[in-house]
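Before any comments, here is the structure.
The values are calculated or read from the model by the stated rules, or taken from the named source; none is laboratory data. Everything quoted here is computed from the prediction, not taken from an experiment. Ideal geometry is used to build each Cβ from the backbone, glycine not excepted, and the neighbour counts take in all protein chains shown.
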Amino acid sequence: MDLIFEGIIKAFWLLVTFDPEVMSIMFLSLKISGSATLVSLFIGLSAGSALALTQFPGKKIVVGAVNTGMGLPPVVVGLFVSIFLWRSGPLGFLELLYTPTAIIIAQSIIATPIVTGITLASLQQLPKKMRLQILALGASRAQMVWMLVKEAKLPLLAAVMAGFGGVISEIGASIMVGGNIKGYSRVLTTATVMETSKGNFDIAIALSIILLFLAYLINLVLTYVQQRERPR
Amino acid sequence: MKIKGFLKTVFVVTAVLIAFLGAQPAVDEAFAQQKNIILATTTSTQDSGLLDVLIPVFEKKTGYFVKTIAVGSGQAMAMGQKGEADVLLVHSPAAEKKFVADGFGINRRLVMHNDFIVVGPGQDPAKIKGIKSSVDVFKKIASTGNLFISRADKSGTDVKEKDIWKAGAIKYEGQKWYHETGLGMGQTLNIASEKKAYTLADRGTYLALKKRLDLDILAEGDAILLNIYHVIEVNPAKFPKVNAPGGKAFADFMVSKETQDMIKTFGVDKFGSPLFFPDAGKKVEDLGK
Amino acid sequence: MSETSAFSVPGSDTQHGASNIQLPATDAILSARNLRVVRGGVTILDVPEFVVREGEVLCLIGPNGAGKTTLLQNICYLHKSFEGEVMFRGKIIGKDHGVFDYRRRVAMVFQEPLLFDTTVFKNVASGLTFRGVDKKEIRKRVAENLERFGIAHLRDRSARTLSGGEAQRTSLARAFATKPEILFLDEPFASLDPPTREGLTRDLEKILLESQTTTISATHDRNEALRLSDRIAFMRNGKIEQLGTPAELVNNPLDEFVASFVGVETVLTGNVVGKGEGGTWIVSVSGKDIEVTEPLSEGESVVIHISPENVILSNNFVSKKTSLRNYFAARITCIMPMGPFIKVYLDCGFPLVAYITNESKESLGLSEEKAVTASFKATAVQVIARKETEID
């Protein structure tokens, strides 16, 4: 008990004094997961709107695949990204294994189906005639897509949050492709595991508090979004 | 056409943002590609904090960037066997010899040692305290059926543990009292402490974590318990992509006088005694005497 | 319409269908040829010819699934799922006239307001924003249209907080702000409660009259159609089965189904020829004078409605010294039992419908081809539309 209590007190101390090590791990995490979210946002938003706004044979199969992808286990992604990035692997020449870029790649793969799926769902949630109404007001196709995205902006914000929340809290892929290298690819989750194993519970708890706080923020936004109504 | 233009804009914005935010390390990396060294090592070197002291010195001195991948000795050698690492710092002598003999590694050099210890709850329910031979200690634990935690991760520590079981011809696999974690040394020690169990640990990690653990040293000093670290360069002849100069530079650094002195004093200020004993240039047979 | 066949009962084959409509080409703002939409092997729209005249209000009526919405969405080019061609001001859309440019010159309002999740102002401005209109002009036009639809006070409200009527007003204002050359309305009032619908219909009627916007409106509501339209197209099974003025449809329905849909009542077109006794106005319909109490002005062309409950039939020609202003010698063309009452179709030189009870039929000894006297009060005549010049 003492250990935990002491750990929590030290953890708060590390947080309020902006301990450089804790802060650097946090910023690195935000940077890596933020970049991965941006990449997945770009791909997922395009793919999700394309999927929502077109009809083609086999669409259901694709949508099913996207929905399955929303639950991709990070370790599976980590394994496959590792295999591709190995020196002996097909992308080995890029020398990306054990780099932050590798984590961004893996996390993007994890987050993209989430963003795609939510984009698809949120655009489909809009009234069917909304598309026609926008066209009937003289919008070009690009303006129509943009308008729809704007109308679905809150669910899309949820997509961003869900994507970000998914990747910042995952560990399997980060540790496999990033290698948990100090100050370079050591992120909140991998650092927490390592510090726990080293017995540095104070740092581990401080990192966990940051993760919890981020999770809380994300859920706060999601709750807000879910409780809003659409106009008639 | 218009939708393409729109997507293009989004793409450019995203790309710029990524370049700005995320790829900063990736940019550093681009001109430092030849400067990367992948060091596959054991969790004990990382968890003890030794590498956190040595590597910045090395990086500053040589300009190389070391990516330390801390795994068990077994996995470290598996990485070496695929050419996914440039240099290894491991402590699993029998496997190391085979690794070199198979042509995966070259230039295996002795760096340092610490020793393994058998730790367990202070009350010592199996009554192993005072027994000199490690094999006898293990026999006692097995016969009394007290819980024993094994790392079971093919690390140097794990291999050493298995050697002792085998030396005493003790049946351990599948026994009720024998638990396998598959985790690193630090976590395994934590688990042993929580479960009031015995385990084999390297002294360095134990000392580093000691204040958090409810575990005492119950057996030590047997010759079989020596934990010897070697540095091995991965054979560039076998894997052309290996950073051979980098690996050699790191290996040379580890056996250099300066580094050996750092190893000698590492941990003294914190634990009162050193965690590792520098052995560069010595012979394995002379250790522990 | 000709005198003899003017009043025909259901089953008559005169004057209906698009093929009868002959128009000068200059009059047409939109015309369609051989429109066909086939979905899953089923023809859901089949319109060989369809012409919309500049400035007219054309209502599409008919049961659900008749193809009204399909026709609207296709000729508005919201999606192209049809074969055939549509011409806008004499140019074939998609060939001589760009589809996108066409869409920017028309507008459509749906049954649901489909507002964007922003303020009323931004909603009304959206069509103009798409067109890249400059901000000053946007402010001006939005203000005009908010005023026009009586929602200026809602300008900065969030669209989420509007009532159904307010939302539909915003939706209409949003369409009008783009100054469409053709306005398509797809049952815009269908989901409003009756009082709200009444108010909005009245306002829209006024606005359409003053703006002279060519309008094609699909509706379920007979009264709305009679009130707003210059012409009505009755649709069923993807076809336009009858197209004509409200009077034509009401007095000369293609069959019983059309009749039941538009309601069989008397709707007449006539000209105000002068004042009668005691401040009434005389409207000449097919050479007969009808006295009307509503204020009119001479020379005006009007559409009047006489509800069948107010028409009295008698065997004798009664003295003129009663409060009944309008007496006409009539011939019974058809007697149709309608359950509790009987519908009697009369020819007085113009068509007239009367409802009478079974008892009255017996006591008067009514039968088809019999001559009777039909009368109604001047106050029973409602003026439902006024026009500068009558299209005929």
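Looking at the range C:106-116, which of its residues are facing chain A (nearest Cβ under 8 Å) and not aliphatic (A, V, I, L, M)?
C:Phe110, C:Glu112, C:Pro113, C:Phe116 - these are the residues of the range C:106-116 that are facing chain A (nearest Cβ under 8 Å) and not aliphatic (A, V, I, L, M).
Testing A:Met194 on (1) more than 9 Å from every other protein chain (Cβ to nearest Cβ); (2) in a helix (DSSP H, G or I); (3) crowded, with 23+ Cβ neighbours inside 10 Å, one condition comes back false. Which one is that?
(1)
Quick one: which residue in C:Ala218, C:Ala173 is modelled with pLDDT of 90 or more, touching a helix residue (DSSP H, G or I) at 6+ places or on another chain (Cβ under 7 Å), within 13 Å of chain A (Cβ to nearest Cβ) and surrounded by 23 or more Cβ atoms within 10 Å (Cβ to Cβ)?
C:Ala173 is the lone residue from the list that is modelled with pLDDT of 90 or more, touching a helix residue (DSSP H, G or I) at 6+ places or on another chain (Cβ under 7 Å), within 13 Å of chain A (Cβ to nearest Cβ) and surrounded by 23 or more Cβ atoms within 10 Å (Cβ to Cβ).
Report yes if B:Thr62 is in the same structural domain as B:Ala251 (by TED's automatic domain parsing), modelled with pLDDT of 90 or more and touching a helix residue (DSSP H, G or I) at 6+ places or on another chain (Cβ under 9 Å), otherwise no.
yes
Would you be able to say whether some residue in the range B:173-182 is within 13 Å of another protein chain (Cβ to nearest Cβ), within 30 Å of A:Asn200 (Cβ to Cβ) and either modelled with pLDDT of 90 or more or surrounded by fewer than 23 Cβ atoms within 10 Å (Cβ to Cβ) (or both)?
yes
Considering only the range B:238-248, state which residues are surrounded by fewer than 21 Cβ atoms within 10 Å (Cβ to Cβ) and either in contact with a Ser or Thr (Cβ under 9 Å, 6 or more places away or on another chain) or outside any loop (DSSP other than H, G, I, E, B) (or both).
Residues satisfying the conditions are B:Phe239, B:Lys241, B:Ala244, B:Pro245, B:Lys248.
Suppose we filter the range A:52-74 for residues that are over 18 Å from A:Met161 (Cα atoms), more than 14 Å from chain B (Cβ to nearest Cβ) and of a type in the set (A, V, I, L, M); how many remain?
Looking only at that region, the number is 4.
Of the residues A:Leu148, A:Leu120, only one is within 14 Å of chain C (Cβ to nearest Cβ) and either within 28 Å of C:Phe184 (Cβ to Cβ) or of a type outside the set (Val, Ile, Thr) (or both); which?
The conditions single out A:Leu148.
List the helices (runs of 4 or more DSSP H) inside the range A:88-180, counting only whole elements, that have at least 2 residues being over 30 Å from C:Phe100 (Cα atoms).
The helices (runs of 4 or more DSSP H) meeting that bar are A:100-125, A:153-168.
Report yes if some residue within the range A:209-216 is touching a residue at least 60 places away in the same chain (Cβ under 8 Å), surrounded by fewer than 18 Cβ atoms within 10 Å (Cβ to Cβ) and in a helix (DSSP H, G or I); otherwise report no.
yes
Which residue out of C:Thr379, C:Thr293 is in contact with a Ser or Thr (Cβ under 8 Å, 6 or more places away or on another chain), surrounded by 17 or more Cβ atoms within 10 Å (Cβ to Cβ) and of a type in the set (S, T, N, Q)?
C:Thr293
Residues in the range B:127-144: is at least one among the acidic types (Asp, Glu), in contact (Cβ under 8 Å) with a residue 60 or more places away in the chain and either more than 14 Å from chain A (Cβ to nearest Cβ) or under 30 Å from B:Val234 (Cα atoms) (or both)?
Scanning the range B:127-144 turns up no residue that is among the acidic types (Asp, Glu), in contact (Cβ under 8 Å) with a residue 60 or more places away in the chain and either more than 14 Å from chain A (Cβ to nearest Cβ) or under 30 Å from B:Val234 (Cα atoms) (or both).
Only one residue in A:Ile103, A:Ile43, A:Ile32 is buried (at least 16 other Cβ atoms within 10 Å of the Cβ), in contact with a Pro (Cβ under 6 Å, 6 or more places away or on another chain) and within 14 Å of another protein chain (Cβ to nearest Cβ). Which one?
Matching residue, one of A:Ile103, A:Ile43, A:Ile32: A:Ile32.
Under the condition of being part of a loop (DSSP other than H, G, I, E, B) and within 14 Å of chain A (Cβ to nearest Cβ), which residue from the range B:45-102 is nearest to B:Leu207 (Cα to Cα)?
Across the range B:45-102, the extreme among qualifying residues is B:Gly49.
Residue check: is B:Asp216 in contact (Cβ under 8 Å) with a residue 60 or more places away in the chain and either basic (Lys, Arg) or out of contact with any helix residue (DSSP H, G or I) (no Cβ under 6 Å at 6 or more places or on another chain) (or both)?
Taking the combined requirement at face value, the residue satisfies it.
For the range B:207-237, give me the residue count where each residue is at pLDDT 90 or above, within 11 Å of chain A (Cβ to nearest Cβ) and not in a strand (DSSP E or B).
Of the residues in that region, 1 qualify.
When you go through B:Ala40, B:Ala101, B:Ala26, B:Ala30 one by one, which is the residue that is under 20 Å from B:Lys241 (Cβ atoms) and at pLDDT 90 or above?
Only one candidate passes the filter, namely B:Ala40.
When only residues in the range C:62-79 that are within 20 Å of C:Ile92 (Cβ to Cβ) and in contact with a helix residue (DSSP H, G or I) (Cβ under 8 Å, 6 or more places away or on another chain) count, which is nearest to the other protein chains (Cβ to nearest Cβ)?
Top of the filtered list is C:Leu78.
Limited to the range A:155-181, what total is found for residues that are of a type in the set (Ser, Thr, Tyr) and either surrounded by 21 or more Cβ atoms within 10 Å (Cβ to Cβ) or touching a Ser or Thr at 6+ places or on another chain (Cβ under 6 Å) (or both)?
So the answer is 1.
Scan the range A:131-154 and give yes if some residue there is buried (at least 16 other Cβ atoms within 10 Å of the Cβ), closer than 22 Å to C:Leu78 by Cβ, among the charged types (D, E, K, R) and touching a residue at least 24 places away in the same chain (Cβ under 8 Å), otherwise no.
Looking for residues that are buried (at least 16 other Cβ atoms within 10 Å of the Cβ), closer than 22 Å to C:Leu78 by Cβ, among the charged types (D, E, K, R) and touching a residue at least 24 places away in the same chain (Cβ under 8 Å), one finds at least one in the range A:131-154, hence yes.
Within the range A:89-100, work out how many residues are at the interface with chain B (Cβ under 10 Å from one of its Cβ atoms), surrounded by fewer than 24 Cβ atoms within 10 Å (Cβ to Cβ) and out of contact with any strand residue (DSSP E or B) (no Cβ under 8 Å at 6 or more places or on another chain).
Result for the range A:89-100: 5.
Can A:Tyr184 be described as surrounded by fewer than 22 Cβ atoms within 10 Å (Cβ to Cβ) and either assigned to a loop (DSSP other than H, G, I, E, B) or within 14 Å of chain B (Cβ to nearest Cβ) (or both)?
It is true that A:Tyr184 is surrounded by fewer than 22 Cβ atoms within 10 Å (Cβ to Cβ) and either assigned to a loop (DSSP other than H, G, I, E, B) or within 14 Å of chain B (Cβ to nearest Cβ) (or both).
List the residue pairs whose Cβ atoms are under 6 Å apart, where the first residue sits in the range B:253-281 and is more than 22 Å from B:Leu88 (Cα to Cα) and assigned by TED's automatic domain parsing to the domain that holds B:Leu207, the second is modelled with pLDDT of 90 or more and in a helix (DSSP H, G or I), and the two are 6 or more positions apart or on different chains.
Listed pairs, sorted by first residue: none to list.
Would it be correct to say that C:Thr178 is buried (at least 21 other Cβ atoms within 10 Å of the Cβ), in contact (Cβ under 8 Å) with a residue 60 or more places away in the chain, under 30 Å from C:His220 (Cα atoms) and within 14 Å of chain A (Cβ to nearest Cβ)?
yes
Could you give me the residue pairs with C-beta distances under 6 Å whose first residue belongs to the range C:266-281 and is under 20 Å from C:Arg227 (Cβ atoms), whose second residue is assigned to a strand (DSSP E or B) and β-branched (Val, Ile, Thr) wherever it lies, and which are 6+ apart or on separate chains?
What qualifies is C:Thr266/C:Ile306; C:Thr266/C:Val353; C:Leu268/C:Val285; C:Leu268/C:Ile304; C:Thr269/C:Val303; C:Gly270/C:Val283; C:Gly270/C:Val285; C:Val272/C:Val283.
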